[in-house]
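Here is the structure we will look at, set down as structure tokens.
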Amino acid sequence: GAVLAYVVALRRLGPRHAPAGGPPASRWQVTSFLAGALILWVGAASPVHDIAEQYLFSMHMVQHTLFSLVAPALLLLGTPRWLAELVVRPRAVAAVVGMLGRSIPSLVLFNVVIVVLHWAPVVDLALRSEPAHFALHLLLFSSALLVWMPVASPLARPGRITPPAQMLHLFVNSIVPTVPASFFTFSEGVIYERYGAAPRIWGMTAIADQQMAGLIMKLGGAAILWGAITIIFFRPKRSERLPPASELKT
């Protein structure tokens, strides 16, 4: 659905709204958006979803990592500015994005969502109710889009913050998830009863599965965020020097 809407928007709306003289979206943007959509499909519709819901908490953590730290960034990077401006044109949407798409509000919101989504009654609700499961995943994905906006926003406002601020933003975002991750890794008992009682597959005990989930949350998430920090740090800086005087027009 997302891919179809994206393609239709590029073909039908692009000629009217994209800057003149260029394509509606660059090859990099199209590739990035399609990669993000593929990651969403892997987490929501491939066997990853069923394994995460019925068997392994560690696969649940893989799913959440894809929904929060991979797909949102790729989708934002793949959205041209003119299309993003059309999406946020409704006043309500613009107000929410303008208020929550900034660094501090988005960090607070995203990390609160992360903590709430791993509260035992909420996990139990998600495993018992498919509508609740979908709604919680939508909440996770939406808050992740907002927390990636200071780094990958296609909009002018709220736009991307400076590279040093982006690196600090991503570093701060890597701190809070280490708290529940530590509980998962070092707990001697099973935290979530439904995963503890789930049929065992791949020879993993419930405790090993829980420990693996903690490692994925801590090390996997940190690898993605620190990878992004490294890319920002080594990304070539645009030259701000003036052209030679001979090239200046009088």
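Within segment 16-57, how many residues turn out to be open to solvent by less than 60 Å² (accessible area, probe 1.4 Å), part of a helix (DSSP H, G or I) and more than 30 Å from His118 (Cβ to Cβ)? Walk me through how you get there before you give the answer.
Filtering segment 16-57 for residues open to solvent by less than 60 Å² (accessible area, probe 1.4 Å) gives 18, 22, 24-26, 29-30, 32-33, 35-37, 39-40, 42-44, 46, 48-49, 51-53, 56-57.
Checking the rest, the ones that are also part of a helix (DSSP H, G or I) come to 29-30, 32-33, 35-37, 39-40, 42-44, 48-49, 51-53, 57.
In the following step, the residues that additionally are more than 30 Å from His118 (Cβ to Cβ) were identified as 29-30.
Qualifying residue count for the region: 2.
For segment 116-137: of the residues being within 21 Å of Gly196 (Cβ to Cβ) and within 16 Å of the chain's Cα centre (by Cα), which is least open to solvent (accessible area, probe 1.4 Å)?
Leu117
Does segment 224-239 include one or more residues that are modelled with pLDDT of 90 or more, in contact with a Ser or Thr (Cβ under 6 Å, 6 or more places away or on another chain) and not aromatic (Phe, Trp, Tyr)?
yes
Based on this model, can you work out whether Leu168 counts as more than 17 Å from His64 (Cβ to Cβ), within 18 Å of the chain's Cα centre (by Cα), at pLDDT 90 or above and outside any loop (DSSP other than H, G, I, E, B)?
yes
Pairs under 9 Å by beta carbon, first residue of a type in the set (Gly, Ala, Ser) in segment 180-203, partner open to solvent by less than 60 Å² (accessible area, probe 1.4 Å) and assigned to a loop (DSSP other than H, G, I, E, B), six or more apart or different chains?
Pairs found: Gly196/Gly189; Ala198/Leu56.
Go through segment 87-126 residue by residue and tally those that are assigned to a helix (DSSP H, G or I), closer than 30 Å to Ala9 by Cα, touching a helix residue (DSSP H, G or I) at 6+ places or on another chain (Cβ under 8 Å) and among the small types (Gly, Ala, Ser).
2
Test Met99 against the stated conditions and say whether it is without any contact (Cβ under 8 Å) to a residue 12 or more places away in the chain, buried (at least 21 other Cβ atoms within 10 Å of the Cβ) and not polar (S, T, N, Q). Full working, then the answer.
Values: without any contact (Cβ under 8 Å) to a residue 12 or more places away in the chain: yes; buried (at least 21 other Cβ atoms within 10 Å of the Cβ): no; not polar (S, T, N, Q): yes.
The answer is no for Met99.
Give Leu13, Leu4, Leu75 a once-over and let me know the one that is assigned to a helix (DSSP H, G or I), farther than 23 Å from Lys218 by Cβ and open to solvent by 60 Å² or more (accessible area, probe 1.4 Å). Explain how you work it out, then say what you get.
Numbers: Leu13 fails: open to solvent by 60 Å² or more (accessible area, probe 1.4 Å); Leu75 fails: open to solvent by 60 Å² or more (accessible area, probe 1.4 Å).
Unique residue meeting the criteria: Leu4.
The values are calculated or read from the model by the stated rules, or taken from the named source; none is laboratory data. Given the structure is predicted, the values throughout are model-derived calculations rather than measurements. Neighbour counts run over all protein chains shown; Cβ positions are idealised from the backbone, glycine included. Only protein heavy atoms, including side chains, enter the accessible area calculation; ligands, DNA and RNA are left aside. Shrake-Rupley method; radii C 1.70, N 1.55, O 1.52, S 1.80 Å.
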